[in-house]
Amino acid sequence: MVVGFARPFTAGLPGGHRNERAHHRNPTPIRHNQLMLEALAVALGVLLIAIALLDAFETIVLPRRVTRQLRLARLFFRSTWRPWAALAPRMPSASREAYLSFYGPLSLIFLIILWAGLLIAGFGLINWGLGSAVTASGANAGFGSDMYMSGTTFFTLGLGDVSPHSSFSRVIAVVEAGAGLGFLALVITYLPVLYQAFSRRELNVSLLDARAGSPPSAGEFFRRLNASGGVENLNAFLQEWERWAAELLEIHLSYPVLALYRSQHERQSWLASLTFILDVSSLVIAGGMEGSQRAARLTFAMARHAAVDLSQVLAATPDPNVDRLPAGDFERLVAAGGDLLAGAHLEKLTELRRSYEPNVAALSRSVLMPLPSWLPAEGHDAWQSSPWE
């Protein structure tokens, strides 16, 4: 009761109003800490929203590579892919490839969920930091009510059991609803574009089956080319794969997650196809095949560009000690190609191999996709077998 009469009593004395104003200018330590906490909540909310929107913009909208190392999507993929890949060697060989194929689509779904969660948490923190200016039916407004209102607003549910009651909180709700609609629209348009790019990439990968075996190899390609007498089509083949390498680089720079999407067949992959076309181009250049030198050099340049850039995007450190073609296998490779490879020079081929094999070997370790052999592989092609045979 004494405390209750303190303010009227002092207000009537000289200087009473001055002391009361001093009291409001110097709030208690508890109130000061509360104000600081609310200010930090607002700042943290703004930061979470900025991080999520910037990362979604760079991943979905921006059609170029982002070189900044500190990036949410990059941290997410690196921190989740490593433990996922570490479990692969412990899986049965029959189900290992299927296990690895789940990571790409699942990681994309969880990345979208992470963006949405950050946006909801950010707007919820802003509402709470502004004093929880919401009305909750049947309960007292608090941090949980702010987060609940943020979630229902972001997904535009409009349930009405929690609603803003201040002008500023209404503005925040409108901004969040607009951000939620825009975010969902981006996701809806992003997924079809992503899978269209995946289909374009896999088209030429599937075409290699009958031309170079499963998995593809340069030795098998030249063996079949020599047997069919289709040397006149070599230039067109190289030009087609030059465009494929350019498109592969563009697709993976715009959508790096596609590098972790695996082909439908276990003995095929985008990395095996890229390595194969580098091997073929190197053999044409080293063999001095007249009439195909220009096409081979252009294809080699584009494919090597893709291999080097993609190793940087995936943070795959090149391995200078890799050797996919021991000296004793070179004669077998030349014999498999017949007359087409009769003039191949080992020194020139070795020089060309050193410019790309360290990069493709690093990519192979990074995405757990095996590299093709130089020599023809034993067994049937994928099109020659089926589960019913």
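The values are calculated or read from the model by the stated rules, or taken from the named source; none is laboratory data. All figures in this text were calculated on a predicted structure; none of them were measured in a lab. Note that we place each Cβ from the backbone using ideal geometry, even for glycine, and neighbour counts take in every protein chain shown. Note: areas computed on protein heavy atoms with side chains; ligands, DNA, RNA excluded. Shrake-Rupley method; radii C 1.70, N 1.55, O 1.52, S 1.80 Å.
Would you mind getting the Kirkwood hydrodynamic radius of the range 171-266 from its Cα pairs, rounded to one decimal in Å?
By the Kirkwood definition, the hydrodynamic radius is 16.4 Å.
Which entry in [x] 21.4; [y] 25.4; [z] 22.6 is this structure's computed Kirkwood radius over Cα pairs in Å?
[y]
Can you compute 3J(HN,Hα) from phi for each residue in the range 336-350, using the Karplus curve 6.51 cos²θ - 1.76 cosθ + 1.60 with θ = phi - 60°, rounded to whole Hz and x for Gly and Pro?
Taking θ as phi minus 60°, the curve returns 5, x, x, 5, 5, 10, 5, x, 5, 10, 5, 5, 5, 5, 5 Hz for the range 336-350.
Please compute the volume of the convex hull spanned by the alpha-carbon atoms of the range 180-339 and report it per residue in Å³.
124
Among HIS345, HIS32, HIS265, which one moves the most in a GNM of the chain with springs linking Cα atoms closer than 10 Å?
Looking only at HIS345, HIS32, HIS265, the largest GNM fluctuation is found for HIS32.
Relative to the longest principal Cα axis of the chain, at what angle does helix 234-254 sit, 0 to 90 degrees, rounded to 10?
Taking the Cα atoms of the chain, the angle to 234-254 is about 10 degrees.
Please report the carbon-and-sulfur percent of the accessible area for the range 71-208; probe 1.4 Å, protein heavy atoms only, DNA, RNA and ligands left out.
The value for the range 71-208 is 72 percent carbon and sulfur by accessible area.
Could you state the accessible area per residue of the chain in Å², with a 1.4 Å probe and every protein chain left in place?
Solvent-accessible surface per residue comes out at 53 Å².
Counting only Cα atoms, I'd like the Rg/Rh figure for the range 91-198, Kirkwood definition for Rh.
Using only Cα positions, Rg/Rh for the range 91-198 is 1.17.
Given Cα pairs under 8 Å that are at least 6 residues apart, what percent is the relative contact order of the chain? Intermediate results must be reported in sequence, preceding the final value.
Details: 441 pairs, mean separation 63.7, N = 389.
Contact order relative to length: 16 percent.
Rounded to the nearest 20 debye, what is the charge dipole size of the range 227-312 about its Cα centre when +1 sits on each Lys and Arg Cβ and -1 on each Asp and Glu Cβ?
Here the size comes out at about 120 debye.
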